[in-house]
1. For segment 1465-1485, indicate whether the set of residues that are under 16 Å from residue 1361 (Cα atoms) and in contact with a strand residue (DSSP E or B) (Cβ under 6 Å, 6 or more places away or on another chain) is non-empty.
2. When you go through (1) closer than 23 Å to residue 418 by Cα; (2) out of contact with any strand residue (DSSP E or B) (no Cβ under 8 Å at 6 or more places or on another chain) one by one for residue 581, which number turns out not to apply?
3. Any residue at all in segment 618-635 that is open to solvent by less than 10 Å² (accessible area, probe 1.4 Å), touching a Pro at 6+ places or on another chain (Cβ under 9 Å), assigned to a helix (DSSP H, G or I) and aliphatic (A, V, I, L, M)?
4. Filter segment 561-608 down to residues that are in contact with a His (Cβ under 9 Å, 6 or more places away or on another chain), in a helix (DSSP H, G or I) and β-branched (Val, Ile, Thr) and give me whichever is modelled with the highest pLDDT.
5. Can you tell me which residue among 1405, 1409 is crowded, with 19+ Cβ neighbours inside 10 Å and either farther than 30 Å from residue 1239 by Cβ or modelled with pLDDT under 85 (or both)?
6. Answer yes if at least one residue in segment 745-755 is over 26 Å from residue 329 (Cα atoms), of a type in the set (A, V, I, L, M, F, W, C) and either buried (at least 24 other Cβ atoms within 10 Å of the Cβ) or touching a residue at least 40 places away in the same chain (Cβ under 8 Å) (or both), and no otherwise.
7. Tally up the residues in segment 1267-1300 that are within 23 Å of residue 1145 (Cβ to Cβ) and either open to solvent by 10 Å² or more (accessible area, probe 1.4 Å) or not hydrophobic (A, V, I, L, M, F, W, C) (or both), please.
8. Being part of a helix (DSSP H, G or I), within 27 Å of residue 1154 (Cα to Cα) and either among the hydroxyl-bearing types (Ser, Thr, Tyr) or free of Cβ contacts under 8 Å to residues at least 40 places away in the same chain (or both) is the filter here; which residues of segment 1177-1216 pass it?
Amino acid sequence: MADRDALPLPLEVRARLAELELELSEGDITQKGYEKKRSKLLGAYLPHPPGLEASMAHERRPPMAPSSASRYHRRRSSGTRDERYRSDVHTEAVQAALAKHKERKMAVPMPSKRRSLVVQTSMDAYTPPGLSPLSSLPPLTDTSSGSEEEGGQGEGTPTSSQGSVSMEHWISRAIHQGSTTSSSSSSTQSGGSGAAGRLADVLAQTHVGKSENHSAPPDVTTYTSEHPVQVERPQVSTVPRTTPKYGNAELMETGDGVPVSSRVSAKIQQLVNTLKQPRRPPLREFFVDDFEELLEVQQPDPNQPRPEGAQMIAIRGEPLGVVTNWPPSLEAALQRWGTISPKAPCLTTMDTNGKPLYVLTYGKLWSRSIKVAYNILHKLGTKQEPMVRPGDRVALVFPNNDPAAFMVAFYGCLLAEVVPVPIEVPLTRKDAGSQQIGFLLGSCGVTVALTSDACHKGLPKGPTGEIPQFKGWPKLLWFVTESKHLSKPPRDWFPHIKDANNDTAYIEYKTCKDGSVLGVTVTRIALLTHCQALTQSCGYTEAEIIVNVLDFKKDVGLWHGILTSVMNMMHVISIPYSLMKVNPLSWIQKVCQYKGKVACVKSRDMHWALVAHRDQRDINLSSLRMLVVADGSNPWSISSCDAFLNVFQSKGLRPEVICPCASSAEALTVAIRRPTDDSNQPPGRGVLSMQGLSYGVIRVDSEERLSVLTVQDVGTVMPGALMCVVKPEGVPQLCRTDEIGELCVCSIATGMSYYGLSGMTKNTFEVFPMSSSGAPISEYPFTRTGLLGFIGPGGLVFVSGKMDGLMVVSGRRHNADDIVATALAVEPMKFVYRGRIAVFSVTVLHDERIVVVAEQRPDSTEEDSFQWMSRVLQAIDSIHNVGVFCLALVPANTLPKTPLGGIHLSETKQLFLEGSLHPCNVLMCPHTCVTNLPKPRQKQPEIGPASVMVGNLVSGKRIAQASGRDLGQIEDNDQFLFLSEVLQWRAQTTPDHVLFTLLSSRGTVLSSLTCLQLHKRAEKIATMLMERGHLQDGDHVALVYPPGIDLIAAFYGCLYAGCVPITVRPPHPQNIATTLPTVKMIVEVSRSACVMTSQIISKLLKSKEASAAVDVRSWPPVLDTDDLPKKKPPQLYKPSNPDTLAYLDFSVSTTGMLAGVKMSHTATSAFCRSIKLQCELYPSREVAICLDPYCGLGFVLWCLCSVYSGHQSILIPPSELEVNPALWLLAVSQFRVRDTFCSYSVMELCTKGLGLQTESLKSRGLDLSRVRTCVVVAEERPRIALTQSFSKLFKDLGLHPRAVSTSFGCRVNLAICLQGTSGPDPTTVYVDMRALRHDRVRLVERGSPHSLPLMESGKILPGVRIIIANPETKGPLGDSHLGEIWVHCSHNGSGYFTVYGDEALQSDHFNSHLSFGDTQTVWARTGYLGFLRRTELTDASGERHDALYVVGALDEAMELRGMRYHPIDIETSVIRTHKSIMECAVFPWTNLLVVVVELEGSEQEALDLVPLVTNAVLEEHYLIVGVVVVVDIGVIPINSRGEKQRMHLRDGFLADQLDPIYVAYNM
């Protein structure tokens, strides 16, 4: 910045430059013209450093690409940034920090978004926030300090020509040296337009180096480069430059070396590489989150700066001079001026054109206030029962453009001795924060609201014209205070004017950090003393003219413009916010016009004036003796003050006139800079190190360093007050002189209490600061101001932030305002709206995490926003050494506003937390912020059998094994070894007994089969197989039928012909392309010699659509069974050996494996017998079955059990429920069924589809009271939530909650457990989810944190033995230990039927032996983790009952951070986070967790889910989500059993086939 001092620019050049700026901002000249004229003007004054010529020439060239100069040049130093936060030094620091990052292109993938979303968020129909004719001033929102009320403001910055020249000069250097490369998004474009192409370059540039690393904080104690930056080039040989391209993607390899072609995987690969960068160093100590997993506790940095100064001494202000003619109370002052000089002007109001609208004189103010006082006390309610008595609270609701009516009402209340509570005008019924105001009014007992005529007309009205009750508000009587509506007080009535006392004078509302609104009570004596203190410190005299731009209802605007002005008979010129919006110069014009002595403004008003002043010749500010800057305590106001002085010094403004002040609702004016006549005394400045500030320590720093905060003094302590600084947390102990703390004030002129809140009052208004010895420093209480700061040399007060904006991250303190300032300084393009940015913290995993939310301009592209976001992250990381957890951009004008137009911070935070912020861009960085995760678990080395015995069994534990009851004695039909013989026997003994009834979707009987009919039909099919199919015995036949009776007949036909049937789900006619290949695959893998099917399907198999999906010529012969031969076969086939194959059970597992299991005749008969015993099935029984009949227990129940046990099966195809959800339950009720079987998908369909229809079903006579058992057939952990909600929902229809239970089967054994009829009810236990991750079972109480309910999977079937074994060592485990469930049983499958004969796989699964103990028994491994637990209950045989709890499949479980996670647990957490998440599936990819959620609702909600999902998984599972994918409903594939096919989903994701709405890569 040296050249600024070298050549100061002449005034006329500065003025001309400023004009150019404005022309450009108003679009009068083009960018090119502007640059040309500007460089001409500056040519003579800029000493060109060598090498700048080129960049200057480059600037003048027309823009080559969107990222070249034009975009950066919009970032002129005027018209870009919110002045409140603008500081050249800071901007420079930020740009320098970014330049440090620039060579290290961050390899972060950009989120991809569906096109429709991109279009929607560009908001074509958008209207800018403040429709002002000054196009250079977009949203002029009325706000000012960093407080909530008044968060955001307009744009643009001063044309301080000196500043702007050197700034630009600096920026052009920084930028043209290549800050275009400093963002990562240039490497990955959204939507994947060739993103992977440049990946290798990006990967090759990933820096790995200690001080330059994004995740490790730079060592800020020394800024020298002691650690040389090593640049490791990762081996990018996997992605050579010459990779063949497929479309716009590259061929890359996944972690398993499987080539996948997709841009998604390119992005993930990029993300993985980002994550390989070194972490922050591990920390040594922990606090224990229970004893399972240790969360790390942030250790204090041993090198952190500590305060070294002496203990501070409280500073006393000058004595409050007692002037003889000061009035004894404010009302007395009003009476004096109203009677002595009634014609003196008190207040002049302006209309929106800046013309004086109305002059209120002291006489009128006095007479009208008396009238208001009389009417309040005597005209509301009745004579006997007045509504308002002295001391009652009334609300004052006046708009910002009517100070006169407000003033009259306020003084009317003071005269009537009622307590005014000024509040904002509620615009709609549910304004942001207006509900909280309602709570305040309610707690103050307000029943009357005073308002003006115009305001009353503008309030929302109900249909009958009355004002509705606002949300959360008490019932109010609205009372209009205009004189014409009031009755005259009688001659003899006169208000009683007393001296000021300790009664409450008024209540000022204050919005807290969490959005709640408190009322600060100010007593009459405090009010008067405060006016006296202001009069003394500002040197107010009678009849002075004061121009007020501030809100007159509270804070500085009220104290100077309404109260102190009347005490001194001053004349206030009030400038309404609406006029400022139209003409930002209005206040300066009024100062000139009225020769104003004093002006009360905020830095925002100075900033607007700078942008708009456009060389107005007639401006003269020499009359001003004091310019009160109300938000002078905001550290970022200093730049506005400097810039304003810079421009207006030439217009007569004297430097000593600028008087920043610090104020708070609780302590009123805390400090104010006095207007001096001595222009030589420079104001106080402090250049503080941000690093020091974050530890609460003052370290003065030279301005060269990057991370500094420059603060200005806010003057000295108020007259008559005592001030000290205390530690912000804990006991109010005095700080040391070089320590930042909360300012506390002891004075009469402070608030008295928070109305109605004695506890909070005590902590704030009755503080007794203590010295280090523990003694209080004063007998009088102090008031906490809520401001953080210190007292510098000469008693000057410095404020560095607010308690409300404080965020404590890992033990370091950061101020929200400072982070806002840094974010706004990162501005290569005019990108986000200036004042529309909110910073707050949310608590995730025991620490605060920083969230930044900003409104982006409607015209910014995805690329722009992503680039801006990446740079903001880098800047905040460099300057504050703190990571941002989440950065969200929302469309313009969508953040909740305060009544004065600022951002409503707490409401924004609330929306963020509940997922209704609807951002259009989100960037989460959990990897860099979350440093307190538990250590990854180290797997213990393999342990031998002996140590397992010592560990588990010597301690007296029983081995975890259990068995069902014996299969018992043989009954008449059990003498047959083969099902085909049972059917022949039934056809002879009970030919007319109905075995099967099939229902249609309307609930009518579609067809039924008796024993004889089935036998006859099977004979004909056998004949057909032998004659037409020419099949030998032992040939395989694929049965492709819809669920129904044909399938059953075909199955027995195969048995009669000696063929081996394989049931296959038919292709879906609407979705042939995806379903037909599976059919083809099963037919081929099972080596079927022919396909039997119905006529319709046989046509479908050979249709044109089918030939598009598969090669139809390679089908084996297809026989349709719709027209059968008439004759019987010569003789029925009888198998010679019961161990030969009866049928093959093919199914696709959830991990996407297709496996066929061989079922022998012995196993099939044993299976049927076991189920018969468990469910007590006899010919007289009826069982309703709503299952898919293609594999597992579903097939056995549908086709086999009825023939074996003789009961009638009522068959309900699950697909019919999509037409008529009540079909299954109506059938159960109509046939008076006692036992029914269904799948989870059926149960879910009923729960969702019939939830609201239980009443109408009841009226249709639906009765479920006869149901004994309703079993869900499943191969997974019981879904407790679903079964419970089903039971609750249908309890009213008579369903007994004990009836609902689940079964458990798997590939090696199709049914291990099934609830059955007798035996104890299924039990539920609660286990600690964190222990499960370590493969341990720890039982906890219901409702304890991290507890997971597990329900027993039904009773173990007869003839089944179970043991729990360690899946690695194959040793048996003890009771209540987690291990793999092994099963020994006569109905186990006899092995996998595989074409490739993968014998190792088969022998392991079906023939395993324990490594010690009982090593003889042959077990089958289920592949599921679970545990056995002996319960207190007894089973039918009188033994204690052993319950089996299934936890989840081994091949579904994910190993992450050394722990074992079951997808369903993470999915449950995710689904709970937001009402729009309908379904969720998770899977690992390399070492990342990918979460896919289905969104029900508008696509605008997609991005709300990203932070919620990330937070939930962090909090509950200690995992960082790597990728969040938001998709449409129905994208997550679910099989017929209702299980999610996560591996299919993973393949679809990696091949980029999901068409996601949004993909977020958490950095």
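1. No, that holds for no residue.
2. Result: residue 581 fails condition (1) only.
3. So far as segment 618-635 goes, no, none of its residues is open to solvent by less than 10 Å² (accessible area, probe 1.4 Å), touching a Pro at 6+ places or on another chain (Cβ under 9 Å), assigned to a helix (DSSP H, G or I) and aliphatic (A, V, I, L, M).
4. The residue in question is 564.
5. So the residue among 1405, 1409 that is crowded, with 19+ Cβ neighbours inside 10 Å and either farther than 30 Å from residue 1239 by Cβ or modelled with pLDDT under 85 (or both) is 1405.
6. Scanning segment 745-755, I find no residue that is over 26 Å from residue 329 (Cα atoms), of a type in the set (A, V, I, L, M, F, W, C) and either buried (at least 24 other Cβ atoms within 10 Å of the Cβ) or touching a residue at least 40 places away in the same chain (Cβ under 8 Å) (or both), so the answer is no.
7. Residues flagged as within 23 Å of residue 1145 (Cβ to Cβ) and either open to solvent by 10 Å² or more (accessible area, probe 1.4 Å) or not hydrophobic (A, V, I, L, M, F, W, C) (or both) within segment 1267-1300 amount to 5.
8. Hits for segment 1177-1216 are 1201, 1215.
The values are calculated or read from the model by the stated rules, or taken from the named source; none is laboratory data. It should be emphasised that the depicted structure is a prediction, and the values quoted were computed from it without experimental measurement. Don't worry about glycine lacking a Cβ; one is built from the backbone with ideal geometry, like all the others, and counts go over all protein chains shown. SASA here: full protein model, heavy atoms, side chains in, ligands and nucleic acids out. Shrake-Rupley method; radii C 1.70, N 1.55, O 1.52, S 1.80 Å.
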